[in-house]
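For reference, the structure is listed below as structure tokens.
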Amino acid sequence: MSIKRTITSDLRVCGFKVDERSSFFKILKYFIYSVILKPAFLCVFLYRVNRKIRKFGIFAKLLSVYRFYVFGIDISFLSKIGPGFKISHVSDIVIGAGVEIGSNFHVYNGVTIGAKNFEKPDEKPIIGNNVTIGSGAKVLGDIKIGNNVQIGALTFCNKSVPDNSVAYGNPVQIINK
């Protein structure tokens, strides 16, 4: 997917009425507004830049460290997050290396997504499209989160969740919509 389509999708989930047919200047206007006045959008944009420059080693790492210190968010540039990525309440979010997330992903503060332990670092979650993860939730291990899923606040999710479901609690409980 092109960077224009990805950024347009990221702007759209922030509430702007833009799409691929919108004029360059309309997209640019909303982009500048969002970068200046919406720290969550700036964090998402810097993640996108970080993904593009990941082949440049030290520069990618420096940008990742910058994002961590400025926003308090550790989103690995080795993770893959589709278009329409929205962060609410920019703080204390961790998305580990190798995590794969589909489009229209909405995440709140205090969320951790990644390996369950250091002994099995390759066992990462795969998250589908149209997923929302509430504040303080932990999504850990070699699991699959389906499409159109909501994971509630403070949920400890260590097992797969099927499409069109709601997951909540500790231990996790799953309800089909």
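A compact table of results
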{"quantity": "Residue that is surrounded by the most Cβ atoms within 10 Å (Cβ to Cβ) [pool: residues in the range 144-161 that are outside any loop (DSSP other than H, G, I, E, B) and within 16 Å of the chain's Cα centre (by Cα)]", "calculated": "Ile151"}
{"quantity": "Flag for Lys17 being closer than 21 Å to Thr112 by Cα, of a type outside the set (Phe, Trp, Tyr) and more than 18 Å from the chain's Cα centre (by Cα)", "calculated": "no"}
{"quantity": "Any hit, the range 92-104, residues being at pLDDT 95 or above, in contact with an Asp or Glu (Cβ under 6 Å, 6 or more places away or on another chain) and among the polar types (S, T, N, Q)", "calculated": "no"}
{"quantity": "So Lys124, is it touching a strand residue (DSSP E or B) at 6+ places or on another chain (Cβ under 7 Å), basic (Lys, Arg) and free of Cβ contacts under 8 Å to residues at least 60 places away in the same chain", "calculated": "yes"}
{"quantity": "Residues being assigned to a helix (DSSP H, G or I), over 19 Å from Lys52 (Cα atoms) and of a type in the set (Lys, Arg) - total across the range 1-33", "calculated": "3"}
{"quantity": "Test result for Pro83, farther than 18 Å from Cys14 by Cα and either in contact (Cβ under 8 Å) with a residue 40 or more places away in the chain or out of contact with any helix residue (DSSP H, G or I) (no Cβ under 8 Å at 6 or more places or on another chain) (or both)", "calculated": "no"}
{"quantity": "Any hit, the range 45-60, residues being among the β-branched types (Val, Ile, Thr) and either closer than 16 Å to Pro83 by Cβ or crowded, with 18+ Cβ neighbours inside 10 Å (or both)", "calculated": "yes"}
{"quantity": "Pairs, first surrounded by 10 or more Cβ atoms within 10 Å (Cβ to Cβ) in the range 1-25, second hydrophobic (A, V, I, L, M, F, W, C) and not in a helix (DSSP H, G or I), C-beta under 7 Å, six or more apart", "calculated": "Thr8/Val18; Asp10/Phe85; Leu11/Val18; Arg12/Val18"}
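The values are calculated or read from the model by the stated rules, or taken from the named source; none is laboratory data. For clarity, every value in this text was computed on a predicted model and none was experimentally measured. Using ideal geometry, Cβ is built from the backbone for each residue, glycine included, and neighbour counts are taken over all protein chains shown.
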